[in-house]
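The values are calculated or read from the model by the stated rules, or taken from the named source; none is laboratory data. Given the structure is predicted, the values throughout are model-derived calculations rather than measurements. When we count neighbours, we look across all protein chains shown, and the Cβ atoms used for this are built from the backbone with ideal geometry, even at glycine. Accessible surface is based on the protein model in full, side chains and every heavy atom, while ligands, DNA and RNA are left aside. Shrake-Rupley method; radii C 1.70, N 1.55, O 1.52, S 1.80 Å.
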Amino acid sequence: MANNLALSVKDLKTFFYTNKRCNKAVNGVSFDIKKGKTLGIVGESGCGKSVTASTIMQLLPKLSRIEEGSVTYYSDNGEIRIDQLERDGPEMRAIRGEEIAMIFQDPMTALNPVYTVGYQIEESLKYHTDLNPAERKARVIELLADMGIPLPEKRATEYPHNYSGGMRQRAMIAMAMSCNPKVLIADEPTTALDVTIQAQIFNLMTKLKTENDTAIMLITHDMGVIAELADEVAVMYMGNIVEAGTVDDVLRRPQHPYTRALLDSIPVLGRGKDQDIKSIRGATPDPYERPIGCQFAPRCDFATEACNVMPDEEFLSDTHRVSCARYKEIFENA
């Protein structure tokens, strides 16, 4: 099994400490990312998706730490426990960018305003490949052209402020893909892009997956993107994975009330304007004032006293798991 795995996260807990208070941002998360497959992670804002990604990359802020659990990267040279590496030590810096790359959510803050875009992409190639300066420049131009950026030779010499928001996002994706990483973490990679460019980016990610056997962790709010791109899905809520399985399991046979609510809140193409789109009532709770037991209970239409205890995770099949005390009685007859 391990031969097929690119990255494995087990019982991961990442807590943030501020003003003598503790935010359990990621609270016992487990999943595997397989080579040549895409794991989609979905959930509302603030559910811990980006913190999970930052933990894997060891890019956490100073007032946070990994409390428990493990992050294991299966490199060509054997297993590497990323959670035990020094955050900015030489081993982590060698892995980051070359073997595990990340497309950040906000290209405004991820690109350095005082260096040209070409220089910033080339920097990654300089540290992680054996290419000479001329080859690096040619590779930068090729990457920008792949991203659909017009006049890539000229654009490589420009600064981030010369780029539109969508072009900055594409430049960042070029940077992440420059070294053909073994694991690509994409944190809402197409937020600022129009639909035609989105399709190009997804085609490029699919190409990376098929040609280089890259494992992709795709964080998104868009269930349509998940249906199209992901092989497996994990649904996150308040730092926990409430349901996980193959795309078919989770989208066609959702068992958790939160997964159902997410799917019910999406308009379906072709059903016209009369379709019943339901919003999820209430709002995500304050992470410092969490409900006892199931975190979704205050917003759930099916909550009872049984939900005052955190539910155990149950496997419905080899691939499909859910954390809900009442899923059997709620959905078996649905």
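Quick look at the values:
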{"item": "Subset tally (residues that are among the β-branched types (Val, Ile, Thr), surrounded by fewer than 24 Cβ atoms within 10 Å (Cβ to Cβ) and within 16 Å of LEU262 (Cβ to Cβ)) for the stretch 205-240", "result": "4"}
{"item": "Sole exception among (1) crowded, with 22+ Cβ neighbours inside 10 Å; (2) touching a residue at least 60 places away in the same chain (Cβ under 8 Å) for PHE31, by number", "result": "(1)"}
{"item": "Within the stretch 241-277, tally of residues that are polar (S, T, N, Q) and either touching a residue at least 24 places away in the same chain (Cβ under 8 Å) or crowded, with 21+ Cβ neighbours inside 10 Å (or both)", "result": "3"}
{"item": "Leading residue by the ranking (modelled with the lowest pLDDT) among those in the stretch 137-194 that are of a type in the set (Asp, Glu), outside any loop (DSSP other than H, G, I, E, B) and open to solvent by 20 Å² or more (accessible area, probe 1.4 Å)", "result": "ASP146"}
{"item": "Sole residue being under 16 Å from the mean Cα position of the chain (by Cα), at negative phi and at pLDDT 90 or above, chosen from TYR258, TYR237", "result": "TYR237"}
{"item": "Only listed residue being at pLDDT 90 or above and either within 23 Å of the chain's Cα centre (by Cα) or surrounded by 15 or more Cβ atoms within 10 Å (Cβ to Cβ) (or both), chosen from GLU313, GLU305", "result": "GLU313"}
{"item": "Residue identified as buried (at least 22 other Cβ atoms within 10 Å of the Cβ), touching a residue at least 24 places away in the same chain (Cβ under 8 Å) and out of contact with any Phe, Trp or Tyr (no Cβ under 6 Å at 6 or more places or on another chain) among THR55, THR18", "result": "THR55"}
{"item": "Qualifying positions in the stretch 43-99 - of a type in the set (A, V, I, L, M, F, W, C) and closer than 24 Å to PRO287 by Cβ", "result": "CYS47, VAL51, ALA53, ILE56, MET57, LEU59, LEU60, LEU63, ILE66, VAL71"}
{"item": "Residue list for the stretch 235-248, restricted to those being among the charged types (D, E, K, R) and either in contact with a strand residue (DSSP E or B) (Cβ under 6 Å, 6 or more places away or on another chain) or under 15 Å from ASP32 (Cβ atoms) (or both)", "result": "GLU243"}
{"item": "Filter pass, ILE277 being in a loop (DSSP other than H, G, I, E, B) and more than 20 Å from ILE41 (Cα to Cα)", "result": "yes"}
{"item": "Flag for TYR288 being out of contact with any Gly (no Cβ under 7 Å at 6 or more places or on another chain), part of a helix (DSSP H, G or I) and hydroxyl-bearing (Ser, Thr, Tyr)", "result": "no"}
{"item": "Residue in the stretch 256-263 that is among the aromatic types (Phe, Trp, Tyr) and assigned to a loop (DSSP other than H, G, I, E, B) present", "result": "no"}
{"item": "Condition check for ILE280: aliphatic (A, V, I, L, M), surrounded by 13 or more Cβ atoms within 10 Å (Cβ to Cβ) and within 20 Å of the chain's Cα centre (by Cα)", "result": "no"}
